[in-house]
Amino acid sequence: TPYAMLRTITHNSKFNPTWLFLRRNYCSSGAPSLFLSPAQHIPQPSTPVQVLGRKGLPDNHNPNLPAHLDGPTKDFPCQLELGTPADDEVDVWELADLAREHLDENLADHGAILMQQLPLNGVSDFSEFVRALGWRTSSTGDYLKNMQGRSMSSTPLTDLVRTSSDEPPAYTIEPHPEYHTAGFPSKIMLFCNTPPSEGMGGEWPVTDTRQVYKDLDPEVKSKFEELGVRYSVFYESAERNPKYTTWQTNLAPTKEGVEEYLEALGYTWEWNPEDDSLVYQQNFDATWSHPKTGEPCWFNQAHAQHWTFYQSHPLFWDRNNEEMAGRWPVDCTYGDGTEISQEVLNHLRETIWKNTVALPMRKGDLLVCDNFLAMHGRMSFTPGAGREVYVSAIYD
């Protein structure tokens, strides 16, 4: 049958998106059996989610940070539940059709959408779902496939899916958009395969970036818009007893491959002849126009690629900026090279956290963020919590 043929195609590594068009236009089996509707129940965190003073959270002693995060509301992120006729087996491709139609139409309005407890299980199901969506999952040709260039640590699981993060559980990854090291994706999809045990942390912090843009001090925003941001990424060599990520793992296995990668993406770089470490840099605007709505968006990592982002990381708790200058995994300045003051960093983080909710997760939950309009992150959690989350990036 046509559907049997098309399901065979989904497991072909040379899958051609033309099949997606054919299936959706000529292989319809009649009225759809699945539907999405507003969720009747909005789960809340089982325990208060601490921000102020939380160990492992960047600049956690800033007194203007919120003491705790609120839980999600019915409006942010938008939450949907899947409806199916009784005893029907869910077809992953039909589910993907439904999800894509809804996301294409509504994601830019809401900024972030959570589809509750989808009937997907494991890497293979989620990877097939991502493939069936038919969106582009790589950027700049063969470069930045599946978010490979990210400065933090994660593991590719398939050609479409990675672990969301391999960072230590004690570390809170503050809300951020995926940015230049991931090739500026338009959407981020986070799938919960195994939720953390109740009361052990690990919630998704999700930020309303539209509101962040409105709430930022106009003078702070104006300076960033005038100067932009200069980003620096530092990698050690895998052959020199590295402490953290290496250029061989995250970029390419040879220096020639690294330089080809960086040149194609417009970076400048410098090798340290003493230890084969690498620093590469580029300037980017702090605000971007949304690709669909045209509205101005606070789209940068001025807080999350500043060296203070790593000061609370367990691998760097005993380090200070004097000894680590130039060797933090990431750092940034204004586009003219001048330092971003602690006062400004405090303001950015205060504004972001005050517009963030803590989203608990259940098995099958799929969080989709418009990368320009909603930031995502990870609250720290207790080791052994069992948290298993996958990520895939979408490029329009």
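The values are calculated or read from the model by the stated rules, or taken from the named source; none is laboratory data. Note that the structure is predicted; figures quoted are calculated from it, not measured. Here Cβ is always computed from backbone atoms with ideal geometry, including for glycine, and neighbour counts include all displayed protein chains. Keep in mind that these areas ignore ligands, DNA and RNA; they rest on the heavy atoms of the full protein, side chains included. Shrake-Rupley method; radii C 1.70, N 1.55, O 1.52, S 1.80 Å.
Each residue in segment 342-365 was checked for being surrounded by 19 or more Cβ atoms within 10 Å (Cβ to Cβ) and not in a helix (DSSP H, G or I), and 9 pass.
So, residue 339, is that one of a type in the set (Asp, Glu), over 19 Å from residue 206 (Cα atoms), free of Cβ contacts under 8 Å to residues at least 12 places away in the same chain and not in a loop (DSSP other than H, G, I, E, B) or not? No; evaluated as a whole, the condition is false for this residue. One residue stands out in segment 31-47 among those that are farther than 20 Å from residue 208 by Cβ and open to solvent by 40 Å² or more (accessible area, probe 1.4 Å): the one that is modelled with the lowest pLDDT, namely 31.
If the condition is being at pLDDT 95 or above, part of a loop (DSSP other than H, G, I, E, B) and open to solvent by less than 30 Å² (accessible area, probe 1.4 Å), then segment 85-123 contributes 111, 118, 120. Taking segment 200-251 as the range and being over 24 Å from residue 300 (Cβ atoms), of a type in the set (Ser, Thr, Tyr) and open to solvent by 50 Å² or more (accessible area, probe 1.4 Å) as the test, only 249 passes. For segment 48-58, filtering for residues that are closer than 15 Å to residue 70 by Cβ and exposed (fewer than 14 other Cβ atoms within 10 Å of the Cβ) leaves 1. For residue 263, are the conditions met, namely being of a type outside the set (A, V, I, L, M, F, W, C), open to solvent by 70 Å² or more (accessible area, probe 1.4 Å), free of Cβ contacts under 8 Å to residues at least 60 places away in the same chain and out of contact with any helix residue (DSSP H, G or I) (no Cβ under 9 Å at 6 or more places or on another chain)? Yes. Which of the residues that make up segment 137-156 are at pLDDT 85 or above and open to solvent by 40 Å² or more (accessible area, probe 1.4 Å)? Across segment 137-156, the qualifying residues are 155, 156.
Would segment 73-81 turn up any residue that is surrounded by 14 or more Cβ atoms within 10 Å (Cβ to Cβ) and of a type in the set (Val, Ile, Thr)?
no
Residues in segment 261-307 that are at pLDDT 95 or above and among the hydroxyl-bearing types (Ser, Thr, Tyr): 267, 268, 277, 280, 287, 289, 293. Among the residues of segment 157-186, just one is part of a strand (DSSP E or B), of a type in the set (Val, Ile, Thr) and buried (at least 21 other Cβ atoms within 10 Å of the Cβ), namely 173. For residue 368, indicate whether it is in contact with a strand residue (DSSP E or B) (Cβ under 7 Å, 6 or more places away or on another chain), part of a strand (DSSP E or B), β-branched (Val, Ile, Thr) and closer than 17 Å to residue 195 by Cβ. No; evaluated as a whole, the condition is false for this residue.
Taking the conditions (1) open to solvent by 20 Å² or more (accessible area, probe 1.4 Å); (2) aliphatic (A, V, I, L, M); (3) out of contact with any Asp or Glu (no Cβ under 7 Å at 6 or more places or on another chain) in turn, residue 279 satisfies each one other than (3).
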